[in-house]
Amino acid sequence: MLTDVTLPTDSLLGRPKIFFENLIKVVQENFSSTGRYTIYTNKIQDAIKISINKSIGECKDPKCIKFPQKVFSQLIARNIISIILGEANINHMICDDEIINTFASLTSDITRVLKFPPILNFIHKSIQRQFTINLIFERLSQIIEQREHEKNTLGDAWTPPIDILQTFVNFSTEDNSVDLQLLTDYIIEFIFISVQTTSDAIISILYEYGARPEYWKELLEENEMISNEVIVGYLDFNNIDKMVKLDSFVKESIKYWMPCVGLQRKTISDHFTFSNGYQVPKDRNINLYIANLHGTDQIGCKFDGFQYVGKDSPATKLGEEYIPFGRGRHACPGRFFAIHQIKLIMYFIIRKYKVTTMNRRIIKPISAGHFLLSPSDELIFENL
Ligand code: HEM
């Protein structure tokens, strides 16, 4: 038997199993293909437009974004804030640079802490406390206080806000009292799993797009066709489903930007036997040879951006040859939401800018074991 997947923050937050089960439940219920995130899509589109205007803006002359990592983690952070806080001071919060930066850098901050050897666990604990008393804790306290006040004033007439925060409040309330420490941990974990994963994916797609002008014409035509169908100023799910060429391009790019090996599991029974008879003894770590499954250029295959068009093979559909979101019982439940955001972001970028890598150079992902080193190449934006 192989171990279940554990989230990297498990050791840091030190919460019992039920904590992570609740978190997965929230993601499954709110962000599966049939999830409720339809109610969030307009908010996300507003947040994306604000981010693009603020961070990229008008580019009458070519503008070089030197640190795409920073710009796109802030953009995704703004999206995530808009769905976590939903109805709470949303306009104020999604323009609050301090909270956006805290959300955007949280994952890299935590990842740095997780690199400490276990013997330094006591430092984990003190850093965790530092996290949990930081800005997020304070801002959440203010919002919860306001919600409690409204609840007490309105009594039975009070209707709970529909947002992710309120869902986590329900999991953190006992005897009518909200455990703010627990609530903060839920939010930290939610940010950890959703911000950097999605911003890394969008950057890799932009690197591929910027270096491959042969795809621009068809992607722009598809973009224009969809924009002609948008009626009330916001794209709906039907519009997004029609971005089939973009979806295929996104899928191929994400596939290319996976480490060579990964999705590690550990043998916890006496031994594990593969279908070909190969046996792995207890306590050994097993990594999949992802490049081979995905057929990337690391094993001599060519990037083929439109290969999935018309094949009933969207970027969210998992298979033996496509595992960026894992597979099986613990496959990523947030992938529908991630791809939804990615397609929206690409939609707004493609229609406004010509995007290129420096000298239209193809940028290659660099694997270091089962990690990818974050590329730090610039992207150049110019108004169309
Ligand atoms: C492009 C963005 C994303 C990528 C590439 C990604 C990838 C993954 C991978 C590889 C796993 C582990 C699967 C396994 O080991 O079998 C995972 C698990 C998970 N992901 Fe994502 N993810 C992304 C975005 C998100 C988002 C936006 C959310 C939340 C809204 C999310 C929530 C989760 C959760 C809760 C798990 C744990 C599932 C479980 O253990 O049952 N992910 N993700």
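Find how much the distance from residue 18 to residue 138 grows on full extension, using 0.36 nm per residue of separation minus their present alpha carbon separation; answer in nm with one decimal.
On the way: separation 120, 0.36 × 120 = 43.20 nm, distance 2.49 nm.
Full-extension gain reported as 40.7 nm.
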Expected sort for 275-286, 256-267 on mean C-beta neighbours within 10 Å, highest first, is 256-267, 275-286
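Show me 179-188, 202-211 ranked by packing, highest mean number of other Cβ atoms within 10 Å first. List each step's numbers first, then the result.
Values: 179-188: 20.5, 202-211: 22.9.
In descending order of packing, they fall as 202-211, 179-188.
Order 178, 250, 244 by their accessible area, 1.4 angstrom probe, all chains in place, largest first. Intermediate values should be presented prior to the final figure.
Working: 178 30, 250 0, 244 75 Å².
These residues rank, largest area first, as 244, 178, 250.
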Going through 54/245; 255/282; 17/266; 70/343; 245/311 one by one, the pairs whose alpha carbons sit over 21 Å apart turn out to be 54/245; 255/282
Note to self: with every protein chain in place and a 1.4 Å probe, the stretch 284-384 gives an accessible area per residue in Å² of 51 Å²
log10 I(q)/I(0) for the stretch 264-308, Debye formula on C-alpha points only (no solvent), q = 0.22, 0.32, 0.34 Å⁻¹, two decimals, reads -0.77, -1.11, -1.16
Expressed as a percent, the accessible surface of the stretch 10-383 that is carbon or sulfur, using a 1.4 Å probe and the full set of protein chains, is 53 percent
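Which peptide among 153-159, 376-382, 39-45, 344-350 comes first, and what is the full order, when sorted by highest mean count of other Cβ atoms within 10 Å?
344-350, 39-45, 376-382, 153-159
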Of every Cα-Cα pair in the stretch 187-324, the percentage lying beyond 27 Å is 36 percent
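Could you calculate the FRET efficiency of residue 66 with residue 156 from 1/(1 + (r/R0)^6), where r is the beta carbon distance between them and R0 is 56 Å, rounded to 0.05? Intermediate results must be reported in sequence, preceding the final value.
Working: r = 55 Å, r/R0 = 0.98.
Efficiency, rounded to the nearest 0.05: 0.55.
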Scattering profile of the stretch 10-383 from the Debye formula, Cα beads only, expressed as log10 I(q)/I(0) at q = 0.08, 0.11 Å⁻¹, is -0.44, -0.84
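How much length, in nm to one decimal, is gained on full extension between residue 229 and residue 54, taken as 0.36 nm per residue of separation minus their Cα-Cα distance? Intermediate results must be reported in sequence, preceding the final value.
Values: separation 175, 0.36 × 175 = 63.00 nm, distance 2.68 nm.
Roughly 60.3 nm would be gained on extension.
Under the definition of Cα pairs under 8 Å and six or more residues apart, what whole-number percent is the relative contact order of the stretch 10-383?
Details: 448 pairs, mean separation 90.6, N = 374.
Once normalised by length, the contact order is 24 percent.
The values are calculated or read from the model by the stated rules, or taken from the named source; none is laboratory data. All figures in this text were calculated on a predicted structure; none of them were measured in a lab. Cβ coordinates were reconstructed from backbone atoms using ideal geometry, including for glycine residues, and neighbour counts include every protein chain displayed. The area values use the complete protein model at the heavy-atom level, side chains included, leaving out ligands, DNA and RNA. Shrake-Rupley method; radii C 1.70, N 1.55, O 1.52, S 1.80 Å.
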